[in-house]
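Report on the structure given below.
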Amino acid sequence: MLADNDLLSMQQARILAENAGAAQKALAEFSQGQLDSAVDHIASAVEGHARELALLSCEETGYGNPRDKEIKNLFASRAVRRACAGVTCTGALKKDASGNILEVGVPRGAMAAICPSISPVSTTIATALLAVKSGNAVVFCLHPRAVRVMAKVLDLIIRAAKNTGLPEGAIAYLPVPAKQGVAELINHSGIRLVLNSGVDRMLDICRRSGKPLIYGGTGNGPAFIERSA
């Protein structure tokens, strides 16, 4: 028998996925300029809390130290925003030399995001900014070891998103971090993409969903060393 928290998490997951789907339809009406404005506002809102969130992250997870965490949080708030500036993700992108073919950017749709406890704040910030930039709704799954700090940063992000006019449900999170709830969210028909930023214990569930999956572990980029080296 599933525990009450499991059942509650599954119910919440269904509601959040449905809300994200509704928000996705509203986001389709947003221009790239409106999305860019929202990215700037959200990044500015969380930047001022970088130190506070770093302290809470270290306290709750036991990973890292506050100064390094603060630097990562500021990097996610500032560098990601700068990297996105001037990039077009939705609408007309470019034509070929003949002018006969037009590339058009279309949002993928509502996605589920799983972030690691080792970098719960910076990964959440970067993921939220990229989702908004590309016009996609996103539902985050709180990591069991980082529930408080992830909820804190997401509350800041959601409040800022609302102030910019983004639809309710465009950014949300599953408040009860139960594995069954995460599976329910990922497998919901309203979720079109799964982004797993290095939580390997959830990788099998993500793969079995049959949804497009982006997965990246924590650490440096892969390197191939030839045997003669």
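The values are calculated or read from the model by the stated rules, or taken from the named source; none is laboratory data. Note that this is a predicted model, so its numbers are computed, not measured. Neighbour counts are summed over all protein chains in view; Cβ atoms, including those assigned to glycine, are modelled from backbone coordinates with ideal geometry. Note: areas computed on protein heavy atoms with side chains; ligands, DNA, RNA excluded. Shrake-Rupley method; radii C 1.70, N 1.55, O 1.52, S 1.80 Å.
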Legend entry - From Val194, Val199, Val176, Val182, residue being open to solvent by less than 50 Å² (accessible area, probe 1.4 Å), modelled with pLDDT under 95 and within 15 Å of the chain's Cα centre (by Cα): Val199
Inset, instruction - Please identify the pairs in which a residue from segment 65-80 that is among the acidic types (Asp, Glu) has its Cβ atom under 6 Å from the Cβ atom of a residue that is assigned to a helix (DSSP H, G or I) and open to solvent by 80 Å² or more (accessible area, probe 1.4 Å), counting only partners at least 6 apart or on another chain. - result: Glu70/Arg51
Legend entry - Unmet criterion (only one of (1) open to solvent by less than 20 Å² (accessible area, probe 1.4 Å); (2) in contact with a Gly (Cβ under 7 Å, 6 or more places away or on another chain)) for Ser117: (2)
Inset, instruction - For segment 85-111, enumerate the residues that are under 30 Å from Leu185 (Cβ atoms) and open to solvent by 80 Å² or more (accessible area, probe 1.4 Å). - result: Val104, Val106, Arg108
Legend entry - helices (runs of 4 or more DSSP H) within segment 53-170 that include 2 or more residues modelled with pLDDT under 95, of a type outside the set (S, T, N, Q) and closer than 26 Å to Gly21 by Cα: 66-84
Legend entry - Subset of segment 96-133 [more than 24 Å from Leu53 (Cα to Cα) and without any contact (Cβ under 8 Å) to a residue 60 or more places away in the chain]: Asp96, Ala97, Ser98, Gly99, Asn100, Ile101, Leu102, Glu103, Val104, Gly105, Val106
Inset, instruction - Would you confirm whether any residue within segment 60-70 is under 21 Å from Val199 (Cα atoms), touching a Phe, Trp or Tyr at 6+ places or on another chain (Cβ under 6 Å) and open to solvent by 10 Å² or more (accessible area, probe 1.4 Å)? - result: no
Inset, instruction - Kindly indicate the residue of segment 202-229 that is at pLDDT 80 or above and hydroxyl-bearing (Ser, Thr, Tyr) and also nearest to the chain's Cα centre (by Cα) among those meeting that condition. - result: Tyr215
